[in-house]
Amino acid sequence: MMNQYPLWKYLLILAVLGIGLLYAVPNLYGKDPAVLVSPIRAAELDNNVRIEIEDTIKKTGVIHLGMERINGKMMVRFSNSEDQLKASTALEAALTGRFVVAQSLAAATPNWLRVLNAKPMYLGLDLQGGIHFLMEVDMDAALVKEEERYIGDIKGQLREEKVRHIGVTRNQDAIRIRFRDAATRDRALDVLSSNQDITLSDEDNGKDYFVLARLTEAHIIEVKKFALQQNITTLRNRVNELGVAEPIIQKQGDSRIIVQLPGVQDPAQAKELLGATATLELRLVDDRNLNVQQYVSSGRVPAGTRLYKHRDGRPVLLSRRVILTGDYITHASSGFDQNSSTPAVFINLDDKGARRFSDFTKDHIKDQMAVVYIESKNETRIIDGKKTRVKRRIEEVINVATIQERLSKRFQISGLDSPAEAHNLAILLRAGALAAPMEIIEERTVGPSLGKDNIDQGFKSVMIGFVLVLIFMAIYYKLFGLVANLALTFNLVIIVALLSLLQATLTLPGIAGIVLTVGMAVDANVLIFERIREELGVGNSVQASIHAGYEKALSTIADANVTTLIAAIVLFSFGSGPVKGFAVTLSLGIMTSMFTAIMGTRGVINLIYGGKRVKSLSI
């Protein structure tokens with residue numbers, strides 16, 4: 001019989017509606033103000049730390065809603081932002097130097113929904129408040145750093161070829177290598193000419209003969225691009241410590257980086273973590289290390305050496321000469337040493353680093369080599385009752401091993417305390433240190449109250465548009481209008497569910513996309529209903545008119561929606577953050593509205609009129 005759906009189609013519609021409701025529901029529960037406590041190093045948050053956190057919060061007179069361990073961090077929930085701020089200040093004072101304390105927002109979704117991986121959608125900076133930074137990368141410093149690296153390479157090349165020089169210096173103009181005579185200078189030019197990243201020239205100055213080395217324009221551009229990308233990667237890994245749900249970290253122009261941290265309410269804490277860096281240095285252990293205690297007591301060390309501390313507290317005497325730095329690391333992963341089954345980090349070097357490391361280790365087999373971990377960060381400490389920013393640099397030996405063979409592109413670091421520490425170190429090394437210093441040139445804090453106002457206004461705009469469309473459709477198309485309204489409600493639920501499932505970030509432009517979708521969602525139904533009216537007007541039967549209305553309007557609906565979808569895809573491909581947010585909600589709305597307007601309304605109409613002898617329609 002005409003206008004009847006098979007059972008599977010009704011089951012499909014009910015399944016989509018059920019899943020949509022399930023994954024849209026978490027957005028009704030809102031978020032709790034929370035404080036995240038995470039270890040500075042990869043130490044475990046044991047029960048003693050949990051007790052210390054609880055005792056510290058109790059002393060402030062604040063009652064928390066609960067504590068839970070998430071990804072190696074302790075999260076404490078509070079009922080309001082005032083309690084959150086009091087607890088955060090107290091915890092910072094009690095745990096500074098050992099743990100990072102950050103304010104955030106935590107979803108209040110019930111456990112039974114979390115088990116099903118049902119989470120609320122993320123809200124952008126404009127909706128839940130947070131911090132916006134615009135950071136400028138010091139490209140001149142990146143170039144200086146690259147030139148200093150070449151100084152070491154140049155010295156190594158000349159040493160290998162036994163070309164004697166008087167000194168290698170760097171000034172604003174170039175790297176200058178000084179020689180005693182022209183013949184040695186010319187030989188040095190031949191030795192260094194194989195390097196494609198520098199241009200060479202010569203210069204005479206009285207009795208001195210110079211080779212001038214300058215970075216090529218192509219390499220300068222490459223260095224600047226790498227510095228920007230490496231800083232973005234490092235910032236992204238640092239932001240993970242803040243527990244920010246959906247941070248935005250993207251480049252702006254050739255030297256600037258935008259960082260947006262929704263939900264973060266403490267700019268000082270964000271600055272500390274964004275400014276922190278971590279890297280490695282490989283140094284040779286001095287052979288006088290057996291009598292190192294005498295240097296500790298006297299406070300004086302032999303020339304060319306420096307005293308470090310191993311993480312277990314014992315002193316280690318190392319050569320000042322750096323074999324290798326973290327700049328040469330291309331990849332780092334954590335695992336276990338095959339021989340000792342202890343946690344280890346496996347490191348890959350670039351070609352230049354592998355060559356340098358191979359040349360060094362072949363001459364130092366059976367010598368001891370130390371891995372020095374270096375972390376630089378700014379910390380906020382309470383001094384005389386005031387918050388004061390203090391720079392802190394951690395330098396410690398994490399591993400001392402004997403070089404057993406010639407090493408090259410891949411080697412490992414062992415001697416780590418736990419698998420978690422190996423994992424964290426690998427993450428930090430993959431990001432590397434900041435390739436160049438950065439300066440915050442713009443800072444904005446969007447308060448939670450302003451974000452709440454934006455949410456309220458956005459919600460009102462959606463509801464006003466939604467209600468006006470409902471009223472119009474109900475009056476103009478009667479029963480068919482009510483069916484379209486049902487589909488429109490269904491459509492909004494599915495959009496929210498998809499945004500939550502995809503863990504997309506909803507911003508004000510995203511809300512604008514939803515408002516536009518509300519208007520467009522009924523467009524398909526208007527086309528269908530008008531076509532049904534036309535069919536009835538030419539004398540066709542009720543069942544034939546319903547069938548023809550849906551069939552004949554389909555091509556027009558598809559054309560209209562596909563062209564809009566193409567425009568949304570173009571906006572997403574070429575637009576920035578806010579434009580992308582608009583494009584995402586618009587694209588999802590187009591796809592869901594086609595499903596609800598065509599299949600959804602047809603299913604309900606078929607249930608009401610399908611297979612029945614009907615003389616007229618309420619349209």
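The values are calculated or read from the model by the stated rules, or taken from the named source; none is laboratory data. Since the model is a prediction, treat every value here as computed from it, not as a measurement. Don't worry about glycine lacking a Cβ; one is built from the backbone with ideal geometry, like all the others, and counts go over all protein chains shown.
A few comments on the model shown:
- Exactly one residue out of L450, L468 is more than 30 Å from F357 (Cβ to Cβ), modelled with pLDDT of 80 or more and not small (G, A, S): that is L468.
- Among the residues of region 23-48, those identified as among the hydrophobic types (A, V, I, L, M, F, W, C), at pLDDT 80 or above and in contact with a Leu (Cβ under 8 Å, 6 or more places away or on another chain) are V25, A34, V35, L36, V37.
- If you go through region 54-88 and keep only what is polar (S, T, N, Q), under 18 Å from F99 (Cβ atoms), modelled with pLDDT of 85 or more and in a loop (DSSP other than H, G, I, E, B), you end up with just T60.
- As a summary of the residue check, G577 satisfies the conditions (1) crowded, with 21+ Cβ neighbours inside 10 Å; (2) modelled with pLDDT under 85; (3) closer than 27 Å to P247 by Cα except for the one numbered (1).
- Test: residue in region 92-112 that is at pLDDT 85 or above, assigned to a helix (DSSP H, G or I) and closer than 25 Å to Y23 by Cα: yes
- In region 115-138, the condition of being hydroxyl-bearing (S, T, Y) and in contact with a Pro (Cβ under 9 Å, 6 or more places away or on another chain) is met by at least one residue.
- Residue list for region 46-88, restricted to those being hydrophobic (A, V, I, L, M, F, W, C) and exposed (fewer than 14 other Cβ atoms within 10 Å of the Cβ): I51, I63, I70
- Selection status of L91, of a type in the set (A, V, I, L, M, F, W, C) and touching a helix residue (DSSP H, G or I) at 6+ places or on another chain (Cβ under 9 Å): yes
- Residue, farthest from R393 (Cα to Cα), within region 83-140, restricted to residues that are among the basic types (K, R) and free of Cβ contacts under 8 Å to residues at least 40 places away in the same chain: R114
- Scanning region 200-255 for residues that are more than 30 Å from D126 (Cα to Cα), among the polar types (S, T, N, Q) and modelled with pLDDT of 85 or more turns up S201, T216.
- Yes/no for V101 being of a type outside the set (D, E) and surrounded by 21 or more Cβ atoms within 10 Å (Cβ to Cβ): yes
- Restricting attention to region 338-363, the residues being surrounded by fewer than 14 Cβ atoms within 10 Å (Cβ to Cβ) and part of a loop (DSSP other than H, G, I, E, B) number 5.
- Of all the residues in region 175-196, those that are surrounded by 13 or more Cβ atoms within 10 Å (Cβ to Cβ), in contact (Cβ under 8 Å) with a residue 24 or more places away in the chain and of a type in the set (D, E, K, R) number 5.
- Qualifying residue in region 510-521 (condition: touching a helix residue (DSSP H, G or I) at 6+ places or on another chain (Cβ under 6 Å), surrounded by 21 or more Cβ atoms within 10 Å (Cβ to Cβ) and without any contact (Cβ under 8 Å) to a residue 40 or more places away in the chain): no
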